[in-house]
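**Student:** First the structure, which I've put down as structure tokens, then a few questions once you've had a look.
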Amino acid sequence: MNQIVTLDRFRAIGRRWLAKAISELAWEEVFACSDSRLELTSGVVYTYRAVRRIWGNLDIDAETIRRDGDYPCPLQFVIDARDELGMSPATEAMFLKELKNTLRQDCAIDARWGALTADELTELPTDSIHAALQGHPKAVANKGRLGWGVDDHAQYAPENLKLIRLQWLALDPHFVRRGRGAGIEEETLLRAVMGSEEADRLLAAAGHADRVIMPVHPWQWDNCLAQSLVADMADNRVEHLGTFGPAFVASPSLRTLVPREGGPYEIKLALAILNTSAWRGMPGKYIEQGAVISDWVAEILASDPVTASVVTVQKEVLGLWWDDPLMAQAPDAPYRWHETLGAIWRQTGEFALPNKRVVMMATLFHEGVDGEPLAASFARKAGLPLDDWLRRLFQVSVVPLWHILCRYGLAFIAHGQNINVVLDENVPVGITVKDFQGDLDLVDQDFPETESLPSAARAVLPRKPPAYIVHNIQTAHFVTVLRFLSTSLAGRGLFGEERFYGLLRETLCSYAARHPELSDRFALFDLFQPKMPRVAINRVRFRIGYEDSAVRPLPARGTDLDNPLAASTEPKADYEATSSAAQ
């Protein structure tokens, strides 16, 4: 591999980071700037060429950024903007550490994947495409990964695609919470994951038939559990079994590992590192009901004509969580200390959909070295005009997400990792949904369509009002996925933003017109209101710092956004008129 950090690469990466940081922090209203100039109270001036896009975000040409006329350093920007960022000295120092980590890993991604065009990237295997992705599009220090050093990144970071083999523990069942999907036996699952011979070796190592066998990320064992479980191992509540099973590789979420050679199940594990907004542990709140919820969601969506052929649930089949006997006596301790040991097995998308390609939504706005987003490459290879390809994308993604919300009151937090696009010969034909452990909300009204939801599962799902959970689509998907896709397409002159959101609006209105029976629900979960909340994630970190907290941090809210879906027509009038005519 080329040398990872060079002066030219660091400068190029730094300018790209500054373009993102100025754009996102201005969008979050951390500071105000013009379309060409940011004047800071420190007296430093940053200049650039930019276009203001439909969501109010600046699309900055990174090559044009200058600091007082000279090439800028991204780290110096934090000092220059100290007054505007408003961090305490301790928070500023830790943020600089997160930023340094991020820049170093951005250099590593560029060294390995940065010379590939969009067409070359779309020819790669799916796990390689995911390895090339840039990370959270809104978080400005999105690869902080506090707790990992250079060797840890080399071994466990998704961009490196290194093989990871799991450690295994045998646990006293009295201290384990578990949730199983219908028809799932743990021994059968182990044989499906690792083959009968290796499963027999593992079971023999565990010895006691009543023990719960749980996989552990090797980094978590070495850096956290081998020491923190010392009393449990002494009292024979925990036994370390060693390394077993096939090789996995890390996905962009870090703690979700996928089987390198393919297989029916991926595994989500606890990691005691802080990245983007939270410690990446494993909460126990939903663990006993996650598989039950995913079975129920899969059942209702498979019987719904709108979703049956286009939505695949990556079902959670087994969830395990260690209810630490000591920490159970310290319920008010910061959340990360309660989340050090847990595992969730769930179905892999491509195993459930043979002969299809399943890529993260975030893949679509990733750009090759030629500046082209991968969505445009997929469309070209599919032999479709971009508007036809986008229409199909909206029909199999946004439409079913809105339908599920309106009919069932279920709102997936539809960001670029939870929702995957299913491609058949590069054409969007569906989506997969996953992660029912805190990323699924239920409306705070009792819809008859959800009467079959088991009461224990209903009790753990967050219940939220319609005006709140509609933003699981608007904020998590429109702002966090489509905003970046439309900006990239417009910036390359491939597809204008007014046309992009007009096409999305038309697709949603067409669906609504075909379902007049849901007209009251469409009004309840209105995607077309003129204003919608502006949710800020970076400002929260600047304000709260890095001290431990009993709960995960919540985003901040800025002034309301102008909603581009309400921009040039009256969509509700469109579909209500069509619905009346249909009746």
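The values are calculated or read from the model by the stated rules, or taken from the named source; none is laboratory data. Keep in mind that this is a model prediction, so the values were computed, not measured. Positions of Cβ are generated from backbone atoms using ideal geometry, with glycine treated the same way; all protein chains shown enter the neighbour counts.
**Student:** Tell me whether segment 170-188 contains one or more residues that are in a helix (DSSP H, G or I), over 29 Å from the mean Cα position of the chain (by Cα) and among the small types (Gly, Ala, Ser). Full working, then the answer.
**Tutor:** Keep residues of segment 170-188 that are in a helix (DSSP H, G or I), which gives 173-175, 186-188.
After this cut, where a residue has to be over 29 Å from the mean Cα position of the chain (by Cα) as well, the list is 173-175, 187-188.
Retained after the next criterion (residues that are among the small types (Gly, Ala, Ser)): none.
No, segment 170-188 contains no residue that is in a helix (DSSP H, G or I), over 29 Å from the mean Cα position of the chain (by Cα) and among the small types (Gly, Ala, Ser).
**Student:** Quick check on my filter: what residues within segment 166-175 are out of contact with any Phe, Trp or Tyr (no Cβ under 6 Å at 6 or more places or on another chain) and crowded, with 16+ Cβ neighbours inside 10 Å? Full working, then the answer.
**Tutor:** At the first step, the residues of segment 166-175 found to be out of contact with any Phe, Trp or Tyr (no Cβ under 6 Å at 6 or more places or on another chain) are 166, 169-175.
Scanning segment 166-175 gives 166, 169, 170, 171, 172, 175.
**Student:** Continuing with this model, one more query. Considering only segment 516-533, I want to know if a residue exists there that is under 27 Å from residue 56 (Cα atoms), touching a residue at least 24 places away in the same chain (Cβ under 8 Å), in the same structural domain as residue 390 (by TED's automatic domain parsing) and among the small types (Gly, Ala, Ser).
**Tutor:** Among the residues of segment 516-533, at least one is under 27 Å from residue 56 (Cα atoms), touching a residue at least 24 places away in the same chain (Cβ under 8 Å), in the same structural domain as residue 390 (by TED's automatic domain parsing) and among the small types (Gly, Ala, Ser), which makes the answer yes.
**Student:** What is the residue count in segment 178-232 for residues that are free of Cβ contacts under 8 Å to residues at least 12 places away in the same chain and among the acidic types (Asp, Glu)?
**Tutor:** Residues flagged as free of Cβ contacts under 8 Å to residues at least 12 places away in the same chain and among the acidic types (Asp, Glu) within segment 178-232 amount to 4.
**Student:** Still on this structure, I have one more. So residue 367 ticks every box in (1) surrounded by fewer than 17 Cβ atoms within 10 Å (Cβ to Cβ); (2) within 19 Å of the chain's Cα centre (by Cα); (3) acidic (Asp, Glu) but one. Which box is left unticked?
**Tutor:** (1)
**Student:** Let me ask something else about it. Among 213, 300, which is within 19 Å of residue 187 (Cα to Cα) and touching a Phe, Trp or Tyr at 6+ places or on another chain (Cβ under 7 Å)?
**Tutor:** None of the other options fit; the residue is 213.
**Student:** Right, something else. Here are the criteria: (1) assigned to a helix (DSSP H, G or I); (2) more than 30 Å from residue 360 (Cα to Cα); (3) under 28 Å from the mean Cα position of the chain (by Cα). Tell me which single one residue 87 does not satisfy.
**Tutor:** For residue 87, the failing item is (1).
**Student:** OK, next. Starting from residues that are polar (S, T, N, Q) and within 30 Å of residue 538 (Cβ to Cβ), keep the ones in segment 276-298 and report whichever is modelled with the highest pLDDT. Walk me through how you get there before you give the answer.
**Tutor:** Step one: filter segment 276-298 for residues polar (S, T, N, Q), giving 276-277, 289, 294.
Checking which are within 30 Å of residue 538 (Cβ to Cβ) leaves us with 276-277.
Working: 276: 86, 277: 80.
That would be 276.
**Student:** List every residue pair whose Cβ atoms lie under 9 Å apart, where the two residues are 6 or more positions apart in sequence or sit on different chains, the first residue falls within segment 233-248 and is under 21 Å from residue 189 (Cα atoms) and assigned to a strand (DSSP E or B), and the second residue, located anywhere, is polar (S, T, N, Q) and modelled with pLDDT of 95 or more.
**Tutor:** Short answer, once both residue conditions are applied: 240/167; 241/167; 242/167; 243/167; 244/167.
**Student:** Please report, ordered by residue number, the strands (runs of 3 or more DSSP E) entirely within segment 273-371 with at least 3 residues that are in the same structural domain as residue 179 (by TED's automatic domain parsing).
**Tutor:** Working: elements: 311-313, 316-322, 342-347, 357-360.
Here the list reads 311-313, 316-322, 342-347.
**Student:** Please give the number of the condition residue 374 fails out of (1) farther than 30 Å from residue 119 by Cβ; (2) in contact with a helix residue (DSSP H, G or I) (Cβ under 6 Å, 6 or more places away or on another chain).
**Tutor:** (1)
**Student:** Continuing with this model, one more query. Which of the residues that make up segment 285-294 are surrounded by 21 or more Cβ atoms within 10 Å (Cβ to Cβ) and either among the acidic types (Asp, Glu) or under 20 Å from the mean Cα position of the chain (by Cα) (or both)? Steps first, please.
**Tutor:** The initial filter retains those residues of segment 285-294 that are surrounded by 21 or more Cβ atoms within 10 Å (Cβ to Cβ), namely 286-287, 289-294.
Once the filter is applied, which keeps residues that are surrounded by 21 or more Cβ atoms within 10 Å (Cβ to Cβ) and either among the acidic types (Asp, Glu) or under 20 Å from the mean Cα position of the chain (by Cα) (or both), segment 285-294 yields 286, 287, 290, 291, 293, 294.
**Student:** Going through segment 118-135 one residue at a time, which ones are of a type in the set (D, E, K, R) and either crowded, with 18+ Cβ neighbours inside 10 Å or outside any loop (DSSP other than H, G, I, E, B) (or both)?
**Tutor:** Residues of segment 118-135 that are of a type in the set (D, E, K, R), as a first pass: 119-120, 123, 127.
119, 120, 127 - these are the residues of segment 118-135 that are of a type in the set (D, E, K, R) and either crowded, with 18+ Cβ neighbours inside 10 Å or outside any loop (DSSP other than H, G, I, E, B) (or both).
**Student:** For the list (1) under 20 Å from residue 336 (Cβ atoms); (2) of a type in the set (Val, Ile, Thr); (3) not assigned by TED's automatic domain parsing to the domain that holds residue 250, I need the number of the one condition that residue 140 fails.
**Tutor:** The number of the failed condition is (1).
**Student:** Turning to a different aspect of this structure: Out of everything in segment 335-364 that is surrounded by fewer than 23 Cβ atoms within 10 Å (Cβ to Cβ) and among the aromatic types (Phe, Trp, Tyr), what residue ends up being farthest from the chain's Cα centre (by Cα)?
**Tutor:** Within segment 335-364, the match that is farthest from the chain's Cα centre (by Cα) is 337.
**Student:** Determine which member of the set 115, 93, 111 is free of Cβ contacts under 8 Å to residues at least 60 places away in the same chain and either in contact with a Lys or Arg (Cβ under 9 Å, 6 or more places away or on another chain) or surrounded by fewer than 21 Cβ atoms within 10 Å (Cβ to Cβ) (or both). Explain how you work it out, then say what you get.
**Tutor:** Details: 115 fails: free of Cβ contacts under 8 Å to residues at least 60 places away in the same chain; 111 fails: free of Cβ contacts under 8 Å to residues at least 60 places away in the same chain.
Result of the check over 115, 93, 111: 93.
**Student:** Then there is this: Return the residues of segment 49-71 that are outside any strand (DSSP E or B), at pLDDT 95 or above and not aromatic (Phe, Trp, Tyr); say none if nothing qualifies.
**Tutor:** Result: 49, 53, 54, 56, 57, 61, 62, 63, 64, 65.
**Student:** Specify the residue that is surrounded by the fewest Cβ atoms within 10 Å (Cβ to Cβ); the eligible residues are those in segment 299-329 that are in contact with a Gly (Cβ under 9 Å, 6 or more places away or on another chain) and among the hydrophobic types (A, V, I, L, M, F, W, C).
**Tutor:** Taking the candidates together, the pick is 310.
**Student:** Consider residue 177 against the criteria (1) in contact with a helix residue (DSSP H, G or I) (Cβ under 6 Å, 6 or more places away or on another chain); (2) among the charged types (D, E, K, R); (3) closer than 30 Å to residue 206 by Cα: it satisfies all of them except one. Which criterion is unmet?
**Tutor:** (1)
**Student:** Still on this structure, please answer the following. Do you know which residues across segment 545-567 are in contact with a helix residue (DSSP H, G or I) (Cβ under 8 Å, 6 or more places away or on another chain) and hydrophobic (A, V, I, L, M, F, W, C)?
**Tutor:** 550, 551, 554, 556, 561, 565, 567 - these are the residues of segment 545-567 that are in contact with a helix residue (DSSP H, G or I) (Cβ under 8 Å, 6 or more places away or on another chain) and hydrophobic (A, V, I, L, M, F, W, C).
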